[in-house]
């Protein structure tokens, strides 16, 4: 008989409702759309399922080895090299309708959990420390644990196209906030929320938005530099050999930076390099050679 869930006391229920209502009606998007990810708990659940299925999978393979089929049917999977147990289980005892139904249910749970975890891990995240309001509700965590705890932004799209450069900015913005808060708490003897309670306000750091804007601005500036700088230098260089060297270096440097800091495919890198080379070559061809 399944045990019934333990109900909390009315007082605990009211306090839980008070907290959930406060978070669900907040004016800041970090608090309103920030939810815990439970990464380690998800992984543990997947590992438990994996172990259960692995045990059943072993029984299936051992039962299959006991069929004594033609060796040519075992070539594709390399079953001829499979390890056989000393006591091969009886197929009638091992492969039963109950066994098959249990295997189907476990595989269904496993597949759904894997797909759900993949979706969760592709969502945008921010540090619990970025949201001072939610951070103050977690008294069971230290400052460093709050810094390492990730919350999901359910109102944003996936980060599958987020550039590595923006992720680098995002990571250092989180580290900077942790350094600043840890420094203040160390020298002033305050916890994370004491300053907020004193000033009757909450501080937030929307690192996703800041990294996105900063990344776009820096990318725009670098693009302008790579277009203007070589054209300016080439206008003063009359030698075709010198122009060729400058154009080649600019193409190589730009291609390297794009592949390193932006999330682009190999084809997109090739297309960008070809387009950039075409722009510079047209400019070079229109520069007259001094006698």
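Just so you know, all these numbers are worked out from the coordinates, no wet-lab data involved. Note that the coordinates shown come from a computational prediction; the quantities given were computed from them, not determined experimentally. Here Cβ is always computed from backbone atoms with ideal geometry, including for glycine, and neighbour counts include all displayed protein chains.
Say R0 is 22 Å: what FRET efficiency, to the nearest 0.05, do residue 55 and residue 121 get from their beta-carbon distance?
Details: r = 27 Å, r/R0 = 1.21.
For R0 = 22 Å, the calculated efficiency reads 0.25.
Find how much the distance from residue 156 to residue 105 grows on full extension, using 0.36 nm per residue of separation minus their present alpha carbon separation; answer in nm with one decimal.
15.1 nm
By per-residue mean of other Cβ atoms within 10 Å, what is the highest-first order of 99-110, 28-39, 133-144?
In descending order of packing, they fall as 28-39, 133-144, 99-110.
Determine the gain in length on full extension of the stretch residue 222-residue 257; use 0.36 nm per residue of separation and subtract their C-alpha separation, reporting nm with one decimal.
That works out to 11.6 nm of additional length.
Starting from a Cα-only point model with no solvent, please compute log10 I(q)/I(0) by Debye for region 235-285 at q = 0.14, 0.26, 0.31 1/Å.
The Debye formula, applied to the Cα set alone, gives -0.38, -0.95, -1.17.
Which distance in nm do the two modelled labels at residue 167 and residue 283 give, with both placed 7 Å along the Cα-to-Cβ direction?
3.3
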